[in-house]
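The values are calculated or read from the model by the stated rules, or taken from the named source; none is laboratory data. Note that the structure is a prediction, hence the values are computed from the model and not measured. When we count neighbours, we look across all protein chains shown, and the Cβ atoms used for this are built from the backbone with ideal geometry, even at glycine.
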Amino acid sequence: MQTCLYSPRGGFYSSEETNIKRHFTTSPTSHPVFGSLIARQLEQMWHVLGEPPIFHVIEVGSAGDTLAQSIVRSCYRMNPRFSEALYYIAIDYQPCRVQFPSPFIDFELETEDEIYPYHNDIGSEIHRVKANGLQAFQNVVGCILYNELIDNFPVHRFAIQNGRIQEVFVTLSDSGFTEVLDEPSSPLIPQRISDLELSLTEGYRGEINLAIEDWTAQLSKTLSSGFILTIDYGDTASELYSPQNNQGTLVCYNRHAAISDPYQYLGKQDITCQVDFTSLMEIGHQYGLTTVGYTKQNKFLELLGLSSFLNTLQTLGLSPARTELNRIAMMTLVDSEEYGDFKVLAQAKGIELEFDLQGFRVNPP
Ligand SMILES: C[S@@+](CC[C@H](N)C(=O)[O-])C[C@H]1O[C@@H](n2cnc3c(N)ncnc32)[C@H](O)[C@@H]1O
């Protein structure tokens, strides 16, 4: 998985030829309102932190800068003072992939008659960095966020055979790539299964994301005070490693088709796996990151005011077709069949925990 996705020689994500929009869409590429709503959450985080003069937002795995653009624009419209403090860094292995103009409206540009010149040059407000993870950053005050990053971390596959945990390895035989079961390559694999107290039946197959540990260490080291916002598909461990998923959740995407075979289209297809949010929270806790919110994306976006944007859409005077096109795209963000069941996790470090994040309120006013 590491090689297929990230090898400098033809990995899916490291290849400049890969245009990921040809293979899958994501929430930020579905509609810019996703970024506008996250901007609202970031503004509240800035207040919680005491309105520091520099509020870093580090987006990891930004691909192009679709999300960055909509967040930076929205922050300006919403609160120029916050926008002054905002220092946005977009990190990716390949940060400048070709972007196509979105066919959807960007409320921050179209609800007002006058477009402030700042907006025309918004790209220059985003600091694009080509890097692997967060190693180059420290003393960050603000928020580290990422959408659909962790599901792309390489996983180890395991199987329960004769009551024992075995790892699924890959070898070459006359018939091509062949899976073989053997002792796990790392004691951390059975350790994680034991930590999660999973009871798995004979023949069960699943995946363990060991990269979460190193990633959490990076987050903790980089963030001095502030928040981490993880958005991805996945679930708590008890749901993820349930009997329904007894063949694992690894899946590949090639030209918008879901493919179960990772041994074809090498370097030409995405390989992904559902995220174990229990491990993210528990390992986070070991590294001083406190869970301050965990919810579904549809709830998160609704609490941040998606309905206000849906109402505004009706008043913009767009053609009925364009209004409907936008409405449908916005609704994909909260539709359970699309992105609505994605999970959003907020963690905090170095702050007094006396706040109630807007996107995670249990009893909103
Ligand atoms: C599924 S894409 C998501 C893109 C974007 N966040 C979105 O939601 O549209 C995952 C992105 O994460 C990047 N990526 C994965 N691991 C990374 C790492 N350790 N450091 C930097 N970028 C990484 C990949 O290159 C890819 O562009």
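Can you spot a residue in the range 250-258 that is within 20 Å of Glu338 (Cβ to Cβ), assigned by TED's automatic domain parsing to the domain that holds Pro28 and out of contact with any strand residue (DSSP E or B) (no Cβ under 6 Å at 6 or more places or on another chain)?
No, because not a single residue in the range 250-258 is within 20 Å of Glu338 (Cβ to Cβ), assigned by TED's automatic domain parsing to the domain that holds Pro28 and out of contact with any strand residue (DSSP E or B) (no Cβ under 6 Å at 6 or more places or on another chain).
Limited to the range 49-59, what total is found for residues that are over 14 Å from Tyr87 (Cα atoms) and touching a residue at least 24 places away in the same chain (Cβ under 8 Å)?
1
Could you please tell me which pairs satisfy a Cβ distance under 7 Å, a separation of 6+ or placement on different chains, a first residue in the range 300-317 that is farther than 16 Å from Leu333 by Cα, and a second residue that is of a type in the set (Val, Ile, Thr)?
Thr312/Thr111; Gln314/Thr323; Leu316/Thr111
Restricting to the range 257-276, what's the tally of residues that are more than 16 Å from the ligand (Cβ to nearest atom), touching a residue at least 40 places away in the same chain (Cβ under 8 Å) and either in a loop (DSSP other than H, G, I, E, B) or out of contact with any helix residue (DSSP H, G or I) (no Cβ under 8 Å at 6 or more places or on another chain) (or both)?
2
Restricting the range 249-281 to residues that are among the charged types (D, E, K, R) and surrounded by fewer than 18 Cβ atoms within 10 Å (Cβ to Cβ), which is nearest to Pro28 (Cα to Cα)?
Applying the filter and picking the extreme gives Arg255.
Residue by residue through the range 1-22, note down the ones that are near the ligand (Cβ under 9 Å from one of its atoms), surrounded by fewer than 18 Cβ atoms within 10 Å (Cβ to Cβ) and in a loop (DSSP other than H, G, I, E, B).
Scanning the range 1-22 gives a single hit, Ser14.
Would you please list the contacts, defined by Cβ atoms under 6 Å and residues six or more apart or on different chains, that run from a residue in the range 210-222 that is under 16 Å from Tyr146 (Cα atoms) to a residue that is within 12 Å of the ligand (Cβ to nearest atom) and of a type in the set (Gly, Ala, Ser)?
Listed pairs, sorted by first residue: Gln218/Gly133.
Among the residues in the range 249-256, are any under 30 Å from Leu49 (Cα atoms), hydrophobic (A, V, I, L, M, F, W, C) and within 15 Å of the ligand (Cβ to nearest atom)?
No, the conditions are met nowhere in the range 249-256.
Taking the range 284-302 only, how many residues are part of a helix (DSSP H, G or I), surrounded by fewer than 20 Cβ atoms within 10 Å (Cβ to Cβ) and either among the β-branched types (Val, Ile, Thr) or touching a strand residue (DSSP E or B) at 6+ places or on another chain (Cβ under 9 Å) (or both)?
Within the range 284-302, residues that are part of a helix (DSSP H, G or I), surrounded by fewer than 20 Cβ atoms within 10 Å (Cβ to Cβ) and either among the β-branched types (Val, Ile, Thr) or touching a strand residue (DSSP E or B) at 6+ places or on another chain (Cβ under 9 Å) (or both) number 2.
Out of the residues in the range 137-159 that are surrounded by fewer than 21 Cβ atoms within 10 Å (Cβ to Cβ) and touching a Pro at 6+ places or on another chain (Cβ under 8 Å), which is farthest from Cys252 (Cα to Cα)?
Only one residue tops the list, namely Val141.
Residues that are closer than 30 Å to Ile71 by Cβ and polar (S, T, N, Q): does the range 140-153 have at least one?
yes
For the range 64-111, how many residues are touching a Ser or Thr at 6+ places or on another chain (Cβ under 8 Å), among the small types (Gly, Ala, Ser) and at pLDDT 90 or above?
Summing the residues that are touching a Ser or Thr at 6+ places or on another chain (Cβ under 8 Å), among the small types (Gly, Ala, Ser) and at pLDDT 90 or above in the range 64-111 gives 4.
May I ask you to list the residues in the range 57-89 that are within 16 Å of the ligand (Cβ to nearest atom), more than 12 Å from Asn147 (Cα to Cα) and not in a loop (DSSP other than H, G, I, E, B)?
Val57, Gln69, Ser70, Ile71, Val72, Tyr88, Ile89
Output the residues belonging to the range 160-195 that are in contact with a helix residue (DSSP H, G or I) (Cβ under 8 Å, 6 or more places away or on another chain), surrounded by 18 or more Cβ atoms within 10 Å (Cβ to Cβ) and not in a strand (DSSP E or B).
Within the range 160-195, Pro184, Arg192 meet the criteria.
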